[in-house]
Amino acid sequence: MSAILDISNVTMKFGELVANENVSFTINEREIVSLIGPNGAGKTTLFNCITGFYAPFSGQVTYYLPAGESRDITGMPSYKTCNMGITRTFQIVKTLSEMTVEQNVMTGSFLHVQRTREAREEARRILEMTGLMEKKDVLGRNLTIVDRKRVEIARALATKPRILMLDECMAGLNQTEIKDVMNLVISLRRQGLTLLIVEHIMEAIMPISDKIVVLNAGKKIAEGKPQEIADNEEVIKAYLGEKYHAKSQKH
């Protein structure tokens, strides 16, 4: 597999507070990579550095285009990274409350199409894929939290990303809803997408991830396959706990 995104020694500071310190890892095409760690570990900050919401204090983010050409996108504005194929969702969902579900998703489609009819066709294709078609005429403000999260994912997909970055898209969902999101993630990878996911629900992340990166206090403390992470003593101590480790041994 060839690399699609390379994060190299990224450091982000807010005054004296170091939120990320020399974080490095590579994501290959069609991989599902999960970023885990305790609250305050710097996961969302790193998302913001990758997608241009923040310009990192130091380090580099390199994006590899389909032909293999590399681009330094460090600190590039988010609308430009989105236009190049890197799209993210937000931990706090940002549904457009006075627009319908269909119109919410169409806003993403307009990144690549100009005609309303084409945007609607693309939006409906994505609504079918994400299980939202029946709710296409519901206003954003009337949606449940799970449907708002689906709309957030659907709107991101409408921008036609190569890399989809999901920030805690399973938080607050019940077991059935989590399973639905897991199946959607696997389906998207089959369609050729690369995914970077921040999540706390280990039972959801471990089965679907190709690789897991662990942050603690802004630093990367581990990287590897799910079982390697589940067995890593430093990760157990910092985040997973013995209870999760014991459970993972039974499966």
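Considering helices alone, the calculated mean residue ellipticity of the chain at 222 nm is -10000 deg cm²/dmol, with DSSP H runs of length four and up weighted by -39500 (n - 2.57) and normalised per residue. Our note on the geometry: Cα centres of the stretch 18-54 and the stretch 199-235, 12 Å apart. Of the residues Asn174, Leu143, Leu46, the one whose Cα sits farthest toward the positive end of the charge dipole of the chain, with +1 on the Cβ of Lys and Arg and -1 on the Cβ of Asp and Glu, is Leu143.
When the distances between all Cα atoms of the chain are binned every 5 Å from zero, what whole-number percent does each bin get? In whole percents, the pair-distance histogram is 1, 6, 13, 17, 19, 17, 13, 8, 4, 1, 0. Label sites at Asn39 and Ser2, each approximated as a point 7 angstrom past Cα along Cα to Cβ, lie 4.3 nm apart. Charging the Cβ of each Asp and Glu at -1 and of each Lys and Arg at +1, and nothing else, the dipole of the chain about its Cα centre rounds to 500 debye.
Compared with the direct C-alpha span, the chain from Glu128 to Thr176 gains 15.4 nm at full extension, assuming 0.36 nm per residue.
Report Rg(Cα)/(2.2 N^0.38 Å) for the stretch 98-160, keeping two decimals.
0.97
Rounded to the nearest 20, the size of the Cβ-charge dipole of the stretch 98-160 about its Cα centre is 100 debye, with Lys and Arg at +1 and Asp and Glu at -1.
The C-alpha atoms of the stretch 109-244 occupy a region whose extents along the principal axes are 54, 28, 26 Å, arranged from largest to smallest. Between Asn83 and His200, full extension at 0.36 nm per residue minus the direct alpha carbon distance yields a gain of 39.2 nm. Just to be sure I understand: of the beta bridges DSSP finds with both ends in the chain, what percent are antiparallel, rounded to 5? Taking every DSSP beta bridge within the chain, about 60 percent pair in antiparallel fashion. Which residue, chosen from Gly85, Gly15, Thr95, occupies the Cα position most advanced towards the positive end of the dipole of the stretch 1-136, where the dipole is computed from +1 (Lys, Arg) and -1 (Asp, Glu) charges on Cβ about the Cα centre? Comparing the listed Cα positions along the dipole, Thr95 ranks first. What you get for the stretch 174-218, charging only the Cβ of Lys and Arg (+1) and of Asp and Glu (-1), is a dipole of about 180 debye around the Cα centre. Compared with the direct C-alpha span, the chain from Ser187 to Gln114 gains 23.5 nm at full extension, assuming 0.36 nm per residue.
Considering only Thr107, Asn216, Gln227, and ranking their Cα positions along the charge dipole of the chain that arises from unit charges at the beta-carbon of Lys, Arg, Asp and Glu, the one farthest toward the positive end is Thr107. For a paramagnetic label modelled on Glu29 (point 7 Å from Cα along Cα→Cβ), amide N atoms under 17 Å away belong, within the stretch 133-172, to 161-164.
Laboratory data are not the source of any read-out in this text; all were calculated from the coordinates shown. Nothing here was measured: the structure is a model prediction, and the numbers come from that model. Glycine also receives a Cβ, built like all others from the backbone with ideal geometry; neighbour counts cover every protein chain displayed.
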